[in-house]
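All remarks here apply to the structure that follows.
The values are calculated or read from the model by the stated rules, or taken from the named source; none is laboratory data. Every value quoted in this text rests on a predicted model; they were computed, and no experiment measured them. Here the Cβ positions follow ideal geometry from the backbone for every residue, glycine too, while neighbour counts run over all protein chains shown.
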Amino acid sequence: MNQQVLQAIVASIDNRESVALISVTEADGAFAGNVGHHAALWLDATRAPVGDLALGELTEQIYTDARRALDDRKHRRLDYTTTEGSLKIFVEVQAQPPHLIIVGAGHIAVPLAAVAKLNDFEVTVLDDRPLYANVARFPSADRVIAGPFRAELSQLRGGKPTFDNHTYVVLVTRGHQYDIDSLLEVLDDPLAYIGMIGSQRRIRAVFELLEKDQGIPAAKFDRIYAPIGIDIGARTPAEIAICIMAEMINVMRKGPALSMSEQIRRERIARRERAQEKTL
Amino acid sequence: MSTTFYHHLQNLLDQGMTVAVATITDVKGSVPREVGAKMIVHPYGKHVGTIGGGCGEADVIRAGLDVIQDGEPRNVHVDLTEEINMNSLGVCGGIMNVFVEQWHAADEAA
């Protein structure tokens, strides 16, 4: 039975779908014989779990609780006590890997693609120059696309209306007009992360321009990490790639580090609040 | 590592091996690895992955070898709270619970 559970887990990992391995780790009373029982479970409640916990009525409750862990993408310990005995369950979540789209295949993209792969991200690199966007330059990337930025980004949604909230987008093209063009394509998607390269001065100017000329509400820029990264004094392309990767990990793990974009984000919010006070 | 761990496990079982799988299920305080970290304890020492290394891991490997023999799943309590001094190795300050269980190739009958 455990063989089938293992095969189901491996198949799900290969298909990049989230799956939970449920294990009975401690039990007493009527459940004492169930330690070591497993089941594989998916978020989709209509999909039958593989394996058998052999816990009778409790099983459905455990599945419900385990689906919650899957939804949170976090492992979870579950404790149950009934008149028949008590048991401890460990829900191990194999989350679908986060997907990083690097827009622009220049100097920063090369080390960033490598370090993101090292951190178990699925990596896509996109540029409109085949000379840069090619597999020889990005041997570890899962996908390298040469084509127009906006059209290819739209294609990458894979027929869905938006990117999902496990998608990370890093804008590091050769020119700000391409960054902005790509930014406008994904601005309304519920992404996990959007980062855009540029100096503080440049980013400030870009956002003001977008607000004035394109009429985009400034609040939409609040979730953009620009200037990109965490301040570690990075200078070389490889160091900058690390500072971007650090920021993505910080976002994914809800870490405490402050982003370089925090200062202009605060300024923007303060300016908005002042403007609001004036109108009141 | 988690993406390839199960592939390793599958490969070992396909070779007819009986191994133990150790999983960190609970931690308190500072420990070297996170809940969910896993390791395959291999009967000839070709272990895969780590649950933090050091003495704690050595205890888990010993338990794993026992589990490979008797098939009884068990929980290993790893205490890393020993006082920090120049002689203590790998003292992180925390406690972790590691679940160790046997995995083996499918039975002929199955």
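Taken over segment A:225-253, residues that are of a type outside the set (A, V, I, L, M), farther than 16 Å from A:N119 by Cβ and within 17 Å of the chain's Cα centre (by Cα) amount to 1.
Of the residues making up segment A:85-98, not a single one is under 26 Å from A:I9 (Cα atoms), away from every other protein chain (no Cβ under 14 Å) and touching a residue at least 12 places away in the same chain (Cβ under 8 Å). Restricting the search to segment B:38-61, which residues are closer than 15 Å to B:F99 by Cβ and in a helix (DSSP H, G or I)? Hits for segment B:38-61 are B:G56, B:E57, B:D59, B:V60, B:I61.
Looking across segment B:22-37 at every residue that is at the interface with another protein chain (Cβ under 8 Å from one of its Cβ atoms) and part of a strand (DSSP E or B), the one that is nearest to B:E101 (Cα to Cα) is identified as B:T23.
Of A:A32, A:A48, all but one fail to be away from chain B (no Cβ under 14 Å) and either of a type in the set (F, W, Y) or farther than 14 Å from A:V93 by Cα (or both); the exception is A:A48. Pairs linking a residue in segment A:55-76 that is farther than 26 Å from A:R253 by Cα and in contact (Cβ under 8 Å) with a residue 24 or more places away in the chain to a residue that is part of a helix (DSSP H, G or I) and of a type in the set (V, I, T), with Cβ atoms under 8 Å and 6 or more positions apart or on different chains, are A:L55/A:I62.
Given the structure, is A:D142 over 18 Å from A:E247 (Cα atoms), in contact with a Pro (Cβ under 9 Å, 6 or more places away or on another chain) and outside the structural domain of A:R16 (by TED's automatic domain parsing)? Judged against the criteria, A:D142 is not a match. Within segment A:123-144, the only residue that satisfies the criterion of being surrounded by 24 or more Cβ atoms within 10 Å (Cβ to Cβ) and within 14 Å of chain B (Cβ to nearest Cβ) is A:V123.
Residue-wise test of (1) on the phi > 0 side of the Ramachandran plot; (2) facing another protein chain (nearest Cβ under 10 Å); (3) at pLDDT 95 or above.
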{"site": "B:T3", "(1), (2), (3)": "no, yes, no"}
{"site": "B:A20", "(1), (2), (3)": "no, no, yes"}
{"site": "B:V41", "(1), (2), (3)": "no, no, yes"}
{"site": "B:V48", "(1), (2), (3)": "no, no, no"}
{"site": "B:G53", "(1), (2), (3)": "yes, no, no"}
{"site": "B:L65", "(1), (2), (3)": "no, no, yes"}
{"site": "B:H77", "(1), (2), (3)": "no, no, no"}
{"site": "B:G94", "(1), (2), (3)": "no, no, no"}
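A:A69 fails exactly one of the following numbered conditions: (1) within 13 Å of chain B (Cβ to nearest Cβ); (2) more than 17 Å from A:Q96 (Cβ to Cβ). What is the number of that condition? It is condition (2) that A:A69 fails.
Scanning segment A:13-27 for residues that are within 14 Å of chain B (Cβ to nearest Cβ), free of Cβ contacts under 8 Å to residues at least 24 places away in the same chain, in contact with a Leu (Cβ under 8 Å, 6 or more places away or on another chain) and not in a loop (DSSP other than H, G, I, E, B) turns up nothing.
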